[in-house]
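As structure tokens, the structure follows; a few thoughts come after it.
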Amino acid sequence: MSDFQDGFFRDLWYDMMINESHSVLCNYFREEKKDHILVKLKKCCYELSVPSGYRSISLDLLKEAPELKDDRKRIEHYIADKMSDEEQISLICELFEKLTSGKKKEKKESEKHVRKGAGEHACIEILCRYYDFLTEYAALRIDGKLEDLTESTVSFLEELRGRVDAAKTNKRKKRQAIQAIDHAVCHVSAGTEKKNRMEETKVVEKAVDQVIDLYLYAEAAQFLYNAGYPLPCEDGSEEYGKDIAKVEKRNMARIKTVSLKLLDYYFEQHGLSFEQLTSVSRRAPSWIAGNEAAREKMEEVYHFACDNNLKKAVIPLMIDNASGSGLYIIGENYLQSWGEEDVNYQKVEEILDGRPCCYAIVKFLNLELEDGGQYFWAPYSMVDLVYGKCDTNPEEILFHDLETALNIYQGQLAGSAQEVLYENFRSENIVHLKEDDVTIDPEFRKYFKISEEEDLSEEIRDFEKEYRRRWSMETKWK
């Protein structure tokens, strides 16, 4: 299994442990069931049976269903004739019967799926039965048959109770579903007023959701088991689920491929678009350097900033996640560290060449301590500050053309140069510990300097700074 798949399954496992039936995996299976053609047919039939009801499913949508491709022309013919609601219901019932009464093909051993198809799942049957109940409920309410209404509702809830018993999940979750059903039965049996009748469908819907959650959770648990990451068995102890950091692959994965629909839903729930997902590779210096269209886009931004005289421009073009080093467009107002008396002042002027902006490599973002002991934020660079004198050669970090900037930036991010990028972090993040006592992940270890002996260089620098400050004050008053 690839590292991506393995990491993907691990993340789904963590999410299941925390959010259970409201996890991404359960929600994906829930949407899958709701989108099934049989459920859509029943929902459409219910919406047509409610006078002036809201209709989210129509024949126009159903004709696009792959399962009804053989009936597409027939459906289009009915739509063109503007059939009545009764005629549409009759057609839908016929289509539903056709799909459910078809002969089931015998599967060969080699054709068995790891996970049951959505059409074979209990959730499909529950949802279809639920819309049948709603259709009957609406008809009885219109006819004013309140006693029959109560009897029909209680009968449906008892059907749900039987579904709870058949669910392959733990007692805790079953108990929650039974409580929801009991609450609904009490509400229905006691409710005779109009306001209570209006709330009946809500409590019934909640009971349906609880029962469906049982099956969705079981399906998700089976999926993770097949992925090699089984959920721990609930033993009733208080320790269950506390140490979720100890997830480890226990079984050989039976899942060889991951559905693109599942991946799409997963990233959608995390707020990640395809553009964001591919930006890591597309924003790499090597990719930009070899892509003329990408370079032109960056150069357009640069010329736009220059044409609009943005002397305070701060525009990130790309940032390296590991080091924080980035390629920016920087306005000339941030280049005042190289004053007119500085030996590098002429180099800065040549790089700017009369323009208000240039390309800049920003290596380190940090809080900087001023001479007065006050902290100020240096959000763009420690070597490119408005305050103080800069000893850095501007030709190493400032550029007037994108190609040169990309080449230098790419070289600095190369493996042989990585250690240099972390020196600034280590000079600030000094920890006096033994190596064996450092428990942080190696991924972040590179940002720290671990020293068993106390480093007095920081104290010496502070002493020298304080000495210079006092000396300058004494000289001033003399």
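Ordering Ser189, Ser84 from largest to smallest accessible area (1.4 angstrom probe), what's the sequence? Present the calculation step by step, with values, prior to reporting the outcome.
Values: Ser189 75, Ser84 45 Å².
Sorted descending by solvent-accessible area, the residues read Ser189, Ser84.
For the ranges 144-157, 322-335, 12-25, 254-267, what's the packing order if you count other beta-carbon atoms within 10 Å of each residue, average per peptide, and put the highest first?
Details: 144-157: 15.9, 322-335: 20.9, 12-25: 18.7, 254-267: 13.4.
Top to bottom by mean Cβ count within 10 Å: 322-335, 12-25, 144-157, 254-267.
For a quick protection proxy, order the peptides 348-357, 41-50 by their average other-Cβ count within 10 Å, most packed first. Numbers along the way, then the final one.
Details: 348-357: 16.3, 41-50: 21.8.
By packing density, highest mean first, the sequence is 41-50, 348-357.
Using the Cβ atoms and a cut-off under 13 Å, what net charge is assigned to the surroundings of Val39, where Lys and Arg are +1 and Asp and Glu are -1? Could you put the intermediate results ahead of the total?
Details: positive: Arg30, Lys33, Lys34, Lys40, Lys42, Lys43, Arg129; negative: Glu31, Glu32, Asp35, Glu47, Glu67, Glu125, Asp132.
So the surrounding residues net to 0.
Given the pairs Lys42/Lys168; Lys434/Lys465; Lys145/Lys202; Lys34/Lys69; Lys145/Lys206; Lys40/Lys202, which are separated by over 28 angstrom at their Cα positions?
Numbers: Lys42/Lys168 26 Å; Lys434/Lys465 30 Å; Lys145/Lys202 20 Å; Lys34/Lys69 20 Å; Lys145/Lys206 24 Å; Lys40/Lys202 20 Å.
With Cα atoms farther than 28 Å apart: Lys434/Lys465.
Run the numbers for Lys312 and Arg72: contour at 0.36 nm per residue of separation, minus the present Cα-Cα distance, in nm.
Details: separation 240, 0.36 × 240 = 86.40 nm, distance 6.11 nm.
Difference between extended and current length: 80.3 nm.
The values are calculated or read from the model by the stated rules, or taken from the named source; none is laboratory data. Everything numeric here is computed off the predicted structure, so don't read it as measured data. We place every Cβ from the backbone using ideal geometry, glycine too, and count neighbours over all the protein chains shown. These accessible areas exclude ligands, DNA and RNA; they are computed on the full protein's heavy atoms, side chains included. Shrake-Rupley method; radii C 1.70, N 1.55, O 1.52, S 1.80 Å.
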